[in-house]
Amino acid sequence: MTAAITIEGLEVIFDRFRALKGVKLEVREGESYGLVGESGSGKSTLLKAITGLAPVAAGTIAVNGKTLGKTRDKAFYRDVQMVFQDPYGSLHPRQTVDRLLQEPLAIHAIQDGEKRIERALDEVGLGKGFRFRYAHQLSGGQRQRVAIARALILEPSILLLDEPTSALDASVQAEVLNLLEEVRRRRKLTFLMVSHDLAIITHMCERLMVMQNGEAVETLTASQLIGHRVSEDYTRNLLRASEGFVRV
Ligand SMILES: Nc1ncnc2c1ncn2[C@@H]1O[C@H](COP(=O)(O)OP(=O)(O)O)[C@@H](O)[C@H]1O
Ligand SMILES: [Mg+2]
């Protein structure tokens with residue numbers, strides 16, 4: 001078995017605030033792995049630490065068997081891409097979809113850009129007709145599809161997804177989740193996905209880690225969470241708090 005992401009003793013400190021306190025995590029290749037926990041527990045910080053956007057004070061992060069140093073090189077971003085929560089914030093509104101998709105291609109000097117743009121737009125269910133529209137002309141769901149296309153265009157093996165659908169209406173949310181699941185299967189991707197919604201995590205992920213105050217509380221399979229077979233009171237409270245918790 002190969003690990004896509006291996007994290008040991010990860011500490012992130014913002015000024016003097018310890019946002020992650022010795023976190024350990026292993027995500028297998030091809031797996032969809034969830035992170036849950038209340039707001040402020042360090043979920044986004046964990047994803048940011050992987051992409052080099054949070055100050056790592058100690059510990060190691062390895063991606064596809066390669067231990068990362070202080071900085072991330074271009075090869076890293078071809079392998080690991082992130083999708084953020086807010087489709088309004090993450091795409092420049094005055095840029096066309098084409099321009100947004102061209103940008104990573106230019107940075108990485110990729111030659112077969114035409115083909116990749118067509119494939120990516122097709123894959124996220126937008127098609128060629130959307131190519132020259134402006135981001136501000138799109139709905140929230142369409143924007144998030146563009147953000148997913150942009151993440152896919154470098155053909156990564158790992159997607160880090162930070163609450164990718166929580167800014168969307170429920171019906172659109174389900175569409176985008178199904179799209180992500182389809183893309184994962186087709187491209188054999190590894191997902192590390194944050195959500196505060198336990199139903200989404202159990203629907204999308206095989207295993208998950210529960211976080212609280214920058215620490216891992218416990219690691220569970222989706223079926224353990226669904227069956228309420230959890231060890232920690234904190235997790236039990238999370239289950240209770242997600243009233244009407246059902247499998248989607
Ligand atoms: N850039 C930052 N500077 C200072 N504190 C931060 C910064 N980013 C996050 N934090 C703090 O780290 C903790 C974890 O934040 P975050 O990872 O965003 O939580 P979550 O995604 O689980 O809601 C919070 O207490 C937050 O206020
Ligand atoms: Mg967050």
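Summary table
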read-out	value
Evaluation of residue 217 against (1) under 19 Å from the mean Cα position of the chain (by Cα); (2) of a type in the set (A, V, I, L, M); (3) surrounded by 19 or more Cβ atoms within 10 Å (Cβ to Cβ) (one fails), failing number	(1)
Cβ-Cβ under 6 Å pairs, at least 6 apart or on other chains, the stretch 153-177 side more than 30 Å from residue 109 (Cβ to Cβ) and among the polar types (S, T, N, Q), far side within 16 Å of ligand 1 (Cβ to nearest atom) and open to solvent by less than 40 Å² (accessible area, probe 1.4 Å)	173/165
The stretch 148-177: number of residues that are acidic (Asp, Glu) and more than 16 Å from ligand 2 (Cβ to nearest atom)	3
The lone exception for residue 69 - which of (1) assigned to a helix (DSSP H, G or I); (2) more than 14 Å from the chain's Cα centre (by Cα) it fails	(1)
Condition broken by residue 1, with the remaining ones in (1) in contact (Cβ under 8 Å) with a residue 24 or more places away in the chain; (2) more than 16 Å from ligand 1 (Cβ to nearest atom); (3) outside any loop (DSSP other than H, G, I, E, B); (4) not small (Gly, Ala, Ser) satisfied	(3)
Residue under evaluation residue 32, criteria (1) within 16 Å of ligand 2 (Cβ to nearest atom); (2) small (Gly, Ala, Ser); (3) crowded, with 20+ Cβ neighbours inside 10 Å, criterion not met	(1)
Number of positions in the stretch 3-27 that are more than 19 Å from residue 69 (Cβ to Cβ), open to solvent by 70 Å² or more (accessible area, probe 1.4 Å) and either touching a strand residue (DSSP E or B) at 6+ places or on another chain (Cβ under 6 Å) or among the β-branched types (Val, Ile, Thr) (or both)	2
Which listed residue, of 127, 89, is on the phi > 0 side of the Ramachandran plot and surrounded by fewer than 16 Cβ atoms within 10 Å (Cβ to Cβ)	127
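The values are calculated or read from the model by the stated rules, or taken from the named source; none is laboratory data. Here the structure is a predicted model, which is why all the values come from computation and not from measurement. No Cβ is skipped: glycine too gets one built from the backbone with ideal geometry, and neighbour counts run over all protein chains shown. Quick note on the areas: whole protein, heavy atoms, side chains included, nothing else; ligands and nucleic acids left out. Shrake-Rupley method; radii C 1.70, N 1.55, O 1.52, S 1.80 Å.
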